[in-house]
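What follows is a short report on a single structure.
The values are calculated or read from the model by the stated rules, or taken from the named source; none is laboratory data. Because the structure is predicted, anything quoted here is derived from the model rather than measured. Please note: Cβ atoms are built from the backbone with ideal geometry, for glycine as well, and neighbour counts cover all protein chains shown. The area values use the complete protein model at the heavy-atom level, side chains included, leaving out ligands, DNA and RNA. Shrake-Rupley method; radii C 1.70, N 1.55, O 1.52, S 1.80 Å.
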Amino acid sequence: MDEELLDILKTSKVHVSGEELGKRLGVSRTAVWKKISKLKAAGYDISAVTNKGYILNGTEEDMLNESEIKENLKAKVFGKNIYYFNELDSTNNEARKLGDANADEGAVVVCDMQTGGRGRLGRPWVSPPKGGIWLSILLKPFISPNQAPKITLVAGLSVCKAINAVCHVKTQIKWPNDIMLNGKKLCGILTEMSAEIDKVNYVVTGIGINVNIESFPEEIRNVATSLAIEMGKTFKRKEIIKEILFEFEKNYFKYIAEGSFEEFAGQYKKYCLTLGKKVKVSGRESFFGTAFDISPDGELWVRKENGEEVLVFSGEVSVR
Ligand code: BTN
């Protein structure tokens with residue numbers, strides 16, 4: 001992708017001739033034409049008019065690629081390397097390949113559509129073209145494997161704050177890390193890890209956000225939603241991605257440096273919709289109760305119907 005050429009076209013409101021572009025880029029008109037063809041192949045809508053030159057149309061379009069995400073990106077480590085694909089089976093699979101190949105921390109894999117998007121507990125994750133943000137981040141935390149699940153809580157809090165800031169909306173977190181809007185699921189996070197007994201090799205945090213999806217399959221229509229459905233307008237995925245990378249990078253490095261979730265627990269509680277609600281906890285033992293607090297370690301306190309107070313570490317918690 002020729003960033004310089006793209007930049008000239010983006011900032012020009014009028015046609016720019018091949019000759020002018022050639023001069024500014026220090027290349028021949030034929031080379032300009034080739035670069036333009038590449039930008040077109042990447043999805044940019046560029047028209048060529050005889051005797052006038054080239055113009056970029058539809059700069060308001062929701063284009064997603066490495067260069068669009070890197071433009072004005074405030075994050076420094078997350079997104080330093082971006083691997084963009086039109087289509088993947090799952091961004092988590094691709095990020096795991098990068099992890100196995102010892103790629104740098106903060107590498108971001110993002111695509112327009114997933115053909116085998118995966119959710120928690122082996123569920124599929126609907127990921128239609130341009131419908132949402134399908135993204136995974138490669139992390140290499142120097143922590144013990146049992147500390148890794150808290151990265152997902154930090155990610156959930158960061159994503160919730162980022163969506164709220166960019167989209168002027170009030171999403172909430174359903175413990176541990178589903179992001180909900182108006183009672184339906186807007187975003188899910190799937191964290192996977194490669195580790196030895198006492199050492200994390202890498203962690204992949206996969207984030208799926210339903211941004212511009214207009215409708216969902218019948219089976220999940222009652223439980224899933226998108227920003228477009230709830231807000232009645234579309235959003236630019238890249239703006240949300242940039243804020244997530246910035247917010248998550250800041251919180252992730254703080255968590256790793258301090259080695260504790262305590263610092264985030266207060267904020268997490270503010271966004272957590274599970275607190276104060278009647279819940280069903282399903283796991284080895286299933287029970288009903290009322291969620292009443294988040295521990296400094298990010299676990300959920302539930303008061304059973306018989307008054308007993310238990311700390312829930314993992315498992316399915318449904319809000320009734
Ligand atoms: C959940 O079940 O709530 C987690 C859903 C996670 C979906 C995202 S989309 C990007 C990344 N790639 C995947 O295959 N899954 C995650």
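Here are the numbers for the structure shown:
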{"item": "√(5λ) per eigenvalue of the Cα gyration tensor, the stretch 1-118, largest first, Å", "result": "32, 15, 13"}
{"item": "Partner lysines for Lys170 [C-alpha distance under 19 Å; skip if fewer than 8 residues away on the same chain]", "result": "Lys161, Lys184, Lys185, Lys233, Lys236, Lys242, Lys269, Lys270, Lys277"}
{"item": "Calculated [θ] (222 nm, deg cm²/dmol) that DSSP helices of n ≥ 4 give over the chain, each run adding -39,500 (n - 2.57)", "result": "-9500 deg cm²/dmol"}
{"item": "Accessible-area order (highest first, 1.4 angstrom probe) of the listed residues Met113, Met193", "result": "Met193, Met113"}
{"item": "C-alpha long axis of helix 91-100 to longest principal axis of the chain, angle in °", "result": "90 degrees"}
{"item": "With Cα atoms, 0 to 90° folded angle of helix 149-167 axis to the chain main axis", "result": "50 degrees"}
{"item": "Over the stretch 121-171, equivalent-ellipsoid semi-axes from the Cα gyration tensor in Å", "result": "24, 18, 11"}
{"item": "Table column - 3J(HN,Hα) (Hz), the stretch 103-110, Karplus curve with 6.51, -1.76, 1.60, x for Gly and Pro", "result": "5, 6, 4, x, 4, 10, 10, 9"}
{"item": "Spatially proximal aspartates and glutamates relative to Lys304 (Cα-Cα < 16 Å; intrachain offsets below 8 disregarded)", "result": "Glu285, Asp293, Glu316"}
{"item": "Reciprocal mean inverse distance between Cα atoms of the stretch 91-204 - Kirkwood radius, Å", "result": "15.0 Å"}
{"item": "Distance between the stretch 88-139 and the stretch 220-236 - C-alpha centres, whole angstrom", "result": "21 Å"}
{"item": "Charge context of Ala224, other residues only, Cβ under 10 angstrom, K/R +1, D/E -1", "result": "+2"}
{"item": "At 1.002 mPa s and 20 °C, Stokes D of the stretch 71-125 from Kirkwood alpha-carbon radius, µm² per second", "result": "177 µm²/s"}
{"item": "Viscosity 0.692 mPa s, temperature 37 °C, Stokes-Einstein D of the stretch 268-320 from Kirkwood C-alpha radius, µm²/s", "result": "301 µm²/s"}
{"item": "Cβ-placed point charges (K, R +1; D, E -1), dipole of the stretch 207-303 about Cα centre in debye, nearest 20", "result": "280 debye"}
{"item": "Within the accessible area of the chain (1.4 Å probe), percent carbon and sulfur", "result": "50 percent"}
{"item": "Cα-only radius of gyration and Dmax that characterise the stretch 170-240, units Å", "result": "15.1, 48"}
{"item": "Semi-axis lengths (Å, descending) of the ellipsoid that matches the C-alpha gyration tensor of the chain", "result": "42, 21, 16"}
{"item": "Within straight-line cross-link reach of Lys13, aspartates and glutamates at Cα separation under 20 Å, skipping those fewer than 8 residues along the same chain", "result": "Asp2, Glu3, Glu4, Asp45, Glu60, Glu61, Asp62, Glu68, Glu71"}
